[in-house]
Amino acid sequence: MKTELPFTLMVKPAGSACNMRCAYCYYIDNPSGGHTFMSEETLEKVIRDYCESSPGPVLSFVWHGGEPTLAGLDFYRKAMRFQKAYLPQGYECWNNLQTNGLALNEEWCAFLKANHFDVGISIDGTKALHDHYRADASGSPTYERIRKNIALLQKHGIQPDLLCTVNAETVKNPVRVYENMKSFRTGWIQFIPVVNHTGSGSVSSDSVTPEAYGEFLCALFRQWVLKDFGKTNVQMFAELLNVYHGGIPGVCWMSETCGHALIAESDGNIYSCDHFVNKDHLIGNIASMSFAEAVDSNLQRSFGQSKKDALSETCKECPWLSICHGGCLKDRIRENNENHLCEGLKRFYEYGDPVFRRISELLHQRVRADEIRQIIRKEKLL
């Protein structure tokens, strides 16, 4: 049985097990994730059923964690064999490994290159900021090892997507963080806000405040537009420009509804979302339910539709609703279901709106990126 709408599958072969102990991690102690490793039998069921459930023509496998490299290279070699065995004619697989990069070596990099994996690596801006939060399991710093492994990937012809958290410390140094991330010359950077709940609408001390997040985005955006537009991609800015240019958001938090990214845990359990791996969002298990049944289930449809249906009154009246759509469900923790980051996002949308509009207009006129940077400077839009 196939579902009508394409969906992404995030597979967690090592559950929440990890070789690092990042201070702000929301997942490592998740009892639903567990520290068990996915069996070969479950792996085969996951891949076969995704091939049978997806309408295609592209099957998107995101290998995530915890730390997915802990499953070992042989696990992924088996995964590639199963993909080749079950992939329908005319379909293709897209594989993305989201890793902390700590365990990568020559053998891993050669495998990833040979099998056309995209790779995302988490690294927090500067050495001092990264090592402040991102220690290994023994408490030792990790920045230098990860920096070397990024270079190793590049030696093998892989340009990883860099993921940097915006937490209580990184938010204080927007330009320095951005310039250091850019210095890796990978071409693609994501900045991910840390919002960890402590209950009753409050957040942890390592979470970013909305006001600081807004100023961080504005400072980052100015640097990107004036110096790097057309040369370096920052995910949030690229996605927003796509929307201003008439496109459809490529990330779920900017979409009107969500629910098209299922989670396959190491024990075969299927959950609604990476940020909602809990008993309330457990849809079923691959041993007794197909992914098509899961994505079309009432639980999952209700989850995805709630992004729109549960908007706060503030969101419904907001001039930026058509861009933001209330943000990610995980961040809607304030009274009346309001987004924790709301004030910061509004600050940035207001700051960036005239620039996005002007860039979109110039792109429609087929103006080159270097000329666009000059025009923005000359018109003093920033």
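Quick notes on this structure:
- Given in Å, the Rg to one decimal and the Dmax to the nearest whole number for the Cα atoms of the stretch 89-162 are 13.7, 49.
- Dimensions of the stretch 157-304 based on its C-alpha atoms, expressed as ranges along the principal axes with the largest first, amount to 52, 37, 33 Å.
- The share of alpha-carbon pairs in the stretch 214-255 lying farther apart than 12 Å comes to 61%.
- DSSP-defined beta bridges in the chain - what % are antiparallel, rounded to 5: 30 percent
- Under-5 Å amide H pairs with LEU262, H placed in peptide plane, nonlocal only: THR8, MET10
- When the alpha-carbon atoms of the stretch 284-327 are used, the pair Rg, Dmax equals 14.8, 46 angstrom.
- Global size of the chain as Cα Rg and Dmax, reported in angstrom: 20.7, 62
- Only Lys, Arg (+1) and Asp, Glu (-1) charged, at Cβ; the chain dipole about Cα centre in debye: 1300 debye
- Kirkwood hydrodynamic radius (C-alpha pairs) into Stokes-Einstein, the stretch 295-382, 4 °C and 1.567 mPa s, D in µm²/s: 84 µm²/s
- Taking the alpha carbon gyration tensor of the stretch 1-142, multiplying each eigenvalue by 5 and rooting it gives semi-axes of 29, 16, 14 Å, largest first.
- Per residue, in Å², the accessible surface of the stretch 67-107 once ligands and nucleic acids are set aside, probe 1.4 Å: 48 Å²
- Solvent-accessible area, 1.4 Å probe, carbon plus sulfur percent, for the stretch 49-207: 50 percent
- Relative frequency of Cα-Cα separations exceeding 28 Å in the stretch 227-382, percent: 36 percent
- For the stretch 72-132, dividing the convex hull volume of the Cα atoms by the residue count gives 97 Å³ per residue.
- Within the stretch 1-82, the proportion of C-alpha pairs whose separation exceeds 20 Å stands at 38%.
- Projected label distance in nm at LYS378 and ALA135, using a 7 Å step from Cα toward the beta-carbon: 5.4 nm
- Rounded accessible area of LEU381 (nearest 10 Å², 1.4 Å probe): 60 Å²
- Seen against the Cα atoms of the chain and their longest principal axis, helix 73-86 is set at about 80 degrees.
- For the stretch 115-208, diffusion coefficient by Stokes-Einstein and Kirkwood Rh (Cα), 20 °C, 1.002 mPa s, µm²/s: 151 µm²/s
The values are calculated or read from the model by the stated rules, or taken from the named source; none is laboratory data. Everything numeric here is computed off the predicted structure, so don't read it as measured data. Note: ideal-geometry Cβ built from the backbone for every residue, glycine included; neighbour counts use all protein chains shown. Ligands, DNA and RNA are stripped out before the accessible areas are found, and what is left, the full protein with its side chains, is counted by its heavy atoms. Shrake-Rupley method; radii C 1.70, N 1.55, O 1.52, S 1.80 Å.
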